[in-house]
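Participant: The structure that follows is given in the form of C-alpha cells.
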Amino acid sequence: MKKDSKNIIKYSSDKIFYYGLEMFSFLKRDNSLSNVDKVYGIVVDQSRKPTFYAELSIPDNIDGRFDVLGLHMFFIFSRLKNEEKIAADFSQSLFDTMFVDMDQSLREMGVGDLSVGKRVKDMGKALLGRIDAYDKAFSAEYSDIQAAIIRNIYRGDLPHLQQIRRLIKYSKGTIENLASISKEDILDANFSFTQAI
C-alpha cells in the first residue's frame, strides 16, 4: 500500500497490532466483499441495544452512539487482525462502510457539505485512536481497561463503578466469544453477539 501522509493513518503497537486502515478509501471500495454491509448491520444493531444507554448510563446521543459503535467495530477488527490479507481487506471495507454511513447521517442531519468532510475525517481519527487504545488496554491490566472505557466511552465522566465493571465484563466476553467463531463465519456474516450486556 502506497504511503501518503495526507490521507493515510497507520499505526502499530508494541504487540505488532497493525491495521493499516486508510482514511477515505471508500472512494475505491472493493465491491467484491459482498458481506461487509451485513456485518456492519450486525454491529450497528448490537451497538443500538437500549441497555447500553438505559442501564449503563452511556449518553444516548450522537457521541454516545458513535462511541458504542466504535467499541463494537474494535471487537471485529481485533478478531480479524491476525488473519490473512482477505481479512485485512474486509476490515478496511468495514471501516469504509462505517464512514460512508457517518457521511450520509451527517448530511441527513443537515450538516453543511463544506463541514461534512472535516467531521468525517475527525471521526475517523477518533475511531483509530480508540482502536489503538482498546487493543493496548485489553492486553494489559484491569485498571488499564477501566481507564480506556472511562476515557473513550464515558469521555472522562465517572459513572457508577458497577456500570463500568458490567461494560468491561461484556467487552471481555464478546472478545472471547468472537475468538471462538471462525474467520469464515465472520466474513460470511454468520455470527451474532451473544454475550449478555
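The values are calculated or read from the model by the stated rules, or taken from the named source; none is laboratory data. The structure presented is a predicted model; accordingly, all values stated were derived computationally and were not measured. For neighbour counting, all protein chains shown are included, and Cβ atoms are generated from backbone atoms with ideal geometry for every residue, glycine included.
Participant: Can you tell me which of 76, 58, 42 is on the phi < 0 side of the Ramachandran plot, in a loop (DSSP other than H, G, I, E, B), among the β-branched types (Val, Ile, Thr) and modelled with pLDDT of 95 or more?
Facilitator: None of the others qualify; the one that does is 58.
Participant: Follow-up. Test residue 107 against the stated conditions and say whether it is closer than 26 Å to residue 196 by Cβ and among the basic types (Lys, Arg).
Facilitator: no
Participant: Check whether at least one residue in region 103-118 is within 15 Å of the chain's Cα centre (by Cα), crowded, with 16+ Cβ neighbours inside 10 Å, assigned to a helix (DSSP H, G or I) and touching a residue at least 12 places away in the same chain (Cβ under 8 Å), and report yes or no. Steps first, please.
Facilitator: Just the residues of region 103-118 that are within 15 Å of the chain's Cα centre (by Cα), to begin with: none.
Within region 103-118, none of the residues are within 15 Å of the chain's Cα centre (by Cα), crowded, with 16+ Cβ neighbours inside 10 Å, assigned to a helix (DSSP H, G or I) and touching a residue at least 12 places away in the same chain (Cβ under 8 Å).
Participant: Test residue 89 against the stated conditions and say whether it is modelled with pLDDT under 95 and on the phi < 0 side of the Ramachandran plot.
Facilitator: Yes; evaluated as a whole, the condition is true for this residue.
Participant: Please enumerate the residues belonging to region 44-58 that are out of contact with any helix residue (DSSP H, G or I) (no Cβ under 7 Å at 6 or more places or on another chain) and more than 16 Å from residue 192 (Cβ to Cβ).
Facilitator: 50, 54, 55
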